[in-house]
Amino acid sequence: MESFSIFSNFIYCESSEELICKKNSYLIVLDGVVEGIYQELPEKYKNLKLYDYKDKLVIPGLSDLHVHAPQYQFRGLWMDMELLPWLEEHTFPEESKYKSLEYASKAYDIFVEDLKYSATTRVSAFATIHKDSALYLMNALEKAGLAGFVGKVNSDRNAPDILREETAESINATLDFIEKSKELKNIKPIITPRFIPTCSDTLLQELGKISKDYNLPVQSHLSENPSEIEWVKQLVPKSKSYADAYRMFGLWGEEKTIMAHCVYSYEKELELMKNKNIYVAHCPDSNSNLTSGIARITALMDSGVNVGLASDVAGGEELSILSAMKNAIKVSKLNKRLSHSEDRSLSFAEAFYLATYSGGSFFGNVGSFIKGYDADIVVLDDSSIKTTLKDELSLQERLEQYVYLKPSDRVFAKFVKGNKVF
């Protein structure tokens, strides 16, 4: 891990209430960890390597809590459909191709290359049911210098034959996947039942045991679509809710757990959502594209629920969490105006908090420039934005303009755990 200093303009947060802006300052990183930010460079750090990013904007790396890596090839396609038919007609056939390691390697290389140059430093990704392809994805992400989790998907019912495993086969492949990924330092396994409808009771129960035995986090989907919720009621009739079905099988907050979407969770599942190990992956793009609905994110936040942002490619059309920030703000305004007038709209500072500090906390001390935090650092160049107001804008205003105008741009520079990615 490297030690160095950065001279630039820094924007970060320690809460959802406000952004902290430090102009023309020095960030000190020692052995991959933030030591502090100073207006003047302390004498004892003057021999450190200095990166001069004058006039740029430096923010903590962003966290993507939910992305389907094998769906990246058809991003931006077939958005006239709702979730279940979209899965059956397009997603499942594409994911079946990952049985071929040759195909998977070509596709995952494209995904990893684009993710590498985005503002994302931490990721929690779904692969497919195919163990060897999932391991390839893990190794590719590790080689690219990123950090986070990859899940070998589990599915033994209600899926096409090409994506349905035998229960014992799914369990054994998961155990082998965990064993073969032990050598990796920055990309770790995560238990990944696709969702309740595609996993039998036996499989869910065994995955709960594996998560507990190996102290592994869990990721899945929750309350994304009304048809899906009704289906779960039929499949797990003893459960009180979709969330309760996960709880019954030991997949609810025993270890850190990401539940994507939660569009319909506030009314019926709120008490379960308050578990400190549960993280909601808010997916504003895919919830809009697939006509799923609008999650009441500020209501969840105000109730003490952990929330982060997610691209949810390919339901979401792009990898950019900066784009997810602006779209989370937009849909929260629609929620307030059209559905729940008692809810707040999401502020820009809150959206930034979700993308950095809040989502990053799933991965540990990640997502801020607080002393002791991992040095995940992203450098943004807003010089291509032409405006006569440039000299009048605050750092927060410059960042806001970048998020709304340039969210999918390749970032200028990137560090993960203090290691320079590019």
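The values are calculated or read from the model by the stated rules, or taken from the named source; none is laboratory data. All values derive from a computational prediction rather than experimental measurement. A quick note on method: Cβ atoms are made from the backbone with ideal geometry, for glycine too, and the neighbour counts reach across all protein chains shown. Heavy atoms of the whole protein, side chains included, go into the accessibility calculation; ligands, DNA and RNA do not. Shrake-Rupley method; radii C 1.70, N 1.55, O 1.52, S 1.80 Å.
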Calculated SAXS-style log₁₀ I(q)/I(0) at q = 0.14 Å⁻¹ - the chain, Debye, Cα scatterers: -1.26
Farthest positive-ward along segment 124-232 dipole, Cα basis, beta-carbon charges - from Pro160, Tyr136, Ile210: Tyr136
Work out how much length Ala349 to Lys143 would gain on full extension: take 0.36 nm times their residue separation and subtract the Cα-Cα distance, in nm to one decimal. 70.9 nm
Taking the dipole about the Cα centre of segment 77-142, with the C-beta of Lys and Arg at +1 and of Asp and Glu at -1, give me whichever of Val123, Met79, Ser96 is farthest to the positive side. Val123
Label zone at Ser105 (point 7 Å along Cα-to-Cβ), backbone N below 19 Å, segment 133-163: 133-145
Angle between the chain longest axis and helix 226-235 axis [Cα atoms, degrees, rounded to 10]: 50 degrees
Using +1 on the beta carbon of Lys and Arg, -1 on that of Asp and Glu, and nothing else charged, what's the dipole of segment 1-132 about the Cα centre, debye to 20? 520 debye
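Would you please put 350-359, 5-14 in order of how densely packed they are, using the mean number of other Cβ atoms within 10 angstrom per residue and starting with the highest? Could you put the intermediate results ahead of the total?
Values: 350-359: 27.9, 5-14: 21.3.
Sorting 350-359, 5-14 by mean packing, highest first, produces 350-359, 5-14.
How much length, in nm to one decimal, is gained on full extension between Lys390 and Lys276, taken as 0.36 nm per residue of separation minus their Cα-Cα distance?
Details: separation 114, 0.36 × 114 = 41.04 nm, distance 4.17 nm.
Difference between extended and current length: 36.9 nm.
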Going by average Cβ neighbours within 10 Å, how do the peptides 129-140, 335-346 rank, with the highest at the top? 129-140, 335-346
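If you roll a 1.4 Å probe over segment 53-201 with all protein chains in place, what percent of the accessible area is carbon or sulfur? It would help to have the intermediate numbers written out before the result.
Values: 2630 of 5440 Å².
C and S atoms contribute 48 percent here.
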Can you work out ³J(HN,Hα) from phi for every residue in segment 407-422, in order, using Karplus 6.51 cos²θ - 1.76 cosθ + 1.60 and θ = phi - 60°, giving whole Hz and x for Gly and Pro? x, 9, 5, 5, 6, 6, 7, 7, 10, 10, 6, x, 8, 6, 7, 6
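Going through the cross-link list Lys185/Lys420; Lys238/Lys274; Lys97/Lys326; Lys99/Lys256; Lys326/Lys390; Lys116/Lys371, which pairs have a Cα-Cα distance over 27 Å in this structure? Before the final figure, lay out each step's value.
Values: Lys185/Lys420 16 Å; Lys238/Lys274 22 Å; Lys97/Lys326 33 Å; Lys99/Lys256 29 Å; Lys326/Lys390 21 Å; Lys116/Lys371 25 Å.
Too far apart for the 27 Å limit: Lys97/Lys326; Lys99/Lys256.
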Out of Tyr266, Tyr108, Tyr45, a Gaussian network model of the chain with alpha-carbon springs under 10 Å gives the largest mean-square fluctuation to Tyr45
GNM on the chain, Cα springs under 10 Å; top mean-square fluctuation among Asp201, Asp374, Asp161 goes to Asp161
Diffusion coefficient in µm²/s returned for segment 248-330 by Stokes-Einstein, Kirkwood Rh over C-alpha pairs, 20 °C and 1.002 mPa s, is 165 µm²/s
Considering only C-alpha atoms, what is the centroid distance from segment 357-400 to segment 78-131, in Å? 28 Å
Roughly what % antiparallel, to the nearest 5, for the DSSP beta bridges in the chain? 40 percent
By accessible area of protein heavy atoms, probe 1.4 Å, what ranking do Asp302, Asp381, Asp244 get, highest first? Asp302, Asp381, Asp244
Determine the calculated [θ] at 222 nm for the chain from helices alone, applying -39500 (n - 2.57) to every DSSP H run no shorter than 4 residues and normalising by the residue count; nearest 500 deg cm²/dmol. -9500 deg cm²/dmol
Leading residue at positive end of dipole, the chain (Cβ point charges), from Phe149, Tyr353, Met301: Tyr353
Taking placed amide H atoms and a strict 5 Å upper bound, the residues 5 or more places from Asn306 or on another chain that come that close are Val280
Quantify, in whole percent, the carbon and sulfur part of the accessible surface of segment 229-286 (1.4 Å probe; protein heavy atoms only). 50 percent
For the pair Thr167/Lys240, report the inter-label distance in nm, with labels modelled 7 Å from Cα in the Cβ direction. 2.6 nm
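Over segment 55-159, average the accessible area per residue using a 1.4 Å probe and give it in Å², no decimals. Write out the running numbers ahead of the final one.
Values: 3430 Å² over 105 residues.
With all protein chains present, segment 55-159 gives 33 Å² per residue.
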Placing unit charges on C-beta atoms (Lys and Arg positive, Asp and Glu negative, everything else neutral), compute the dipole magnitude of the chain about its Cα centre in debye, rounded to 20. 760 debye
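Order the following by accessible area, largest value first: Ile59, Ile171. Probe radius 1.4 Å; ligands, DNA and RNA are ignored. Can you show the working numbers first?
Numbers: Ile59 0, Ile171 25 Å².
Greatest to least solvent exposure: Ile171, Ile59.
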Within segment 241-321, trypsin sites (Lys or Arg not before Pro) in DSSP loop having at most 12 other beta-carbon neighbours inside 10 Å: Lys276
The set of residues whose placed amide H lies less than 5 Å from the amide H of His66, leaving out same-chain residues fewer than 5 positions away, is Ser124, Ser311, Asp312
Residue separation times 0.36 nm, minus the C-alpha to C-alpha distance between Tyr404 and Glu342: what's the value? 19.7 nm
In segment 1-121 the DSSP beta bridges are antiparallel at a rate, in percent to nearest 5, of 65 percent
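What are the semi-axes of the equivalent ellipsoid for segment 64-107, taken as the square roots of 5 times the Cα gyration tensor eigenvalues, largest first, in whole Å? It would help to have the intermediate numbers written out before the result.
On the way: eigenvalues 75, 34, 16 Å².
Semi-axes (√(5λ), whole Å): 19, 13, 9.
Please give the charge dipole size of segment 158-308, origin at the Cα centre, charges +1 on K and R Cβ atoms and -1 on D and E Cβ atoms. Round to the nearest 20 debye. Write down the numbers at each step before the final one.
On the way: 17 positive and 21 negative charges, 90 e Å.
So the magnitude is around 440 debye.
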